[in-house]
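For reference, the structure discussed in these notes is given below.
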Amino acid sequence: MKKDIIDRVYKEYYRDVYLYIYSLCKNHHETEILVSDTFFKAILSLDGSEVHLKYWLLRVGKNLWLDSLKKKPQSSIEDDYIDQGKGPLEQLILNETQRTVYESIVRLSNSYKEILVYYYFNGFSLKEIAEMKKISPGAARTLLYRARINLKAKLKEEGIDEF
């Protein structure tokens, strides 16, 4: 029974977890390890009654990434945000405009990056995001608005006026 739950969860959420963790660490190999660890933790603790399973998986992945940062030798923060390899995610980003938008999102502050990824890439509603982050729906809406404004400014710096 538990194997069926894990198979369903893996098939349903692997892509979302992979994309989210990759957006944090920008390294295909490290992403694979973190995704594997995330689903390993799911195997150990899932019983099928989780309410916000997708959010839980993303949160576990983020916490594992934060833990891995603590274990790394200190490097400049900018080094963590430069794409070092060509992996499957790069195939998903088809043209230069999309790549620039993605890179601009990655360079935003963590709270702005997180809400944009949750809202646009993972399909969470503002109400769901507010519940998960334990903030009011109005605060979530404001955070998303500010994230969009910052993203738009970064894109303007890159020479992209519309997308």
Cut-off is 10 Å between beta-carbons; in what order do THR31, THR100, THR142 appear when sorted fewest neighbours first? THR142, THR100, THR31
Taking the Cα centre of the range 93-163 as the origin, how large is its charge dipole in debye, to the nearest 20, when only Lys and Arg (+1) and Asp and Glu (-1) carry charge on their Cβ atoms? 320 debye
Pop a pseudo-label 7 angstrom from the Cα along the beta-carbon direction at both ILE135 and LYS71 and give the gap in nm to one decimal. 3.0 nm
From the phi of every residue in the range 144-156, what ³J(HN,Hα) in whole Hz does the Karplus formula 6.51 cos²θ - 1.76 cosθ + 1.60 yield, where θ is phi - 60° and glycine or proline is x? 5, 4, 5, 5, 4, 4, 5, 5, 4, 5, 5, 5, 5
For the range 98-163, count all C-alpha to C-alpha pairs, find those more than 13 Å apart, and express that count as a whole percent of the total. 61 percent
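Taking 24 Å as the cut-off for C-alpha to C-alpha distance, list the pairs among LYS71/LYS152; LYS71/LYS127; LYS62/LYS113 that go past it.
Pairs exceeding the cut-off: LYS71/LYS152; LYS71/LYS127.
A short reminder: the numbers here are calculations on the coordinates, not readings from a lab. The structure displayed is predicted, hence computed values, not measured ones. Because the Cβ atoms are built from the backbone with ideal geometry, glycine has one as well, and the counts that use them run over all protein chains shown.
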